[in-house]
């Protein structure tokens, strides 16, 4: 059984046989769709834009140049540009979908724990939504797509050092925002767990 072709080998083959692009599509369609969905917040637009990403990639695969970052970074860059145009056209603020982002490993042993986790999750999502779109995108690429700083830099058109700096500033902003949210006197407080004693 032969080894599957790597991305660069597939790109070379696509230049000779466009039908081979299907393998690249199968390899990346789910990741690109998820990225677009997190940036747009609805399935219909995510499906449409994902289709356009791969159509554009197929039409311009001859322009792809290996710069030492994965082929997927080139696809994400196309997706980034299409989503940016979508936001301009729709004049909407991009929001992450609260229902579709889960905190992995959250233990819900008791109702009190579940309430605490849900409250913390809601606070985090409020803080994320207050971030500029560019910083939301950085966190999606870093934590949802698990991309490296170099790959994120290629997608966002920045150097790896600039991405590290932006990431650091974003985490500090989130920390400060969450600290303000926690100390806000208007914010409802969790009630301490009531203790019942048997009589």
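Between residue 64 and residue 144, the contour length at 0.36 nm per residue exceeds the Cα-Cα span by 26.3 nm. Using C-alpha pairs under 8 Å with a sequence gap of at least 6, the mean separation divided by the residue count of the stretch 107-185 gives a relative contact order of 26 percent.
Here, each number is a calculation from the coordinates, and none is a lab measurement. Just so it is clear, the structure is predicted and the values come from calculations on it, not from any experiment.
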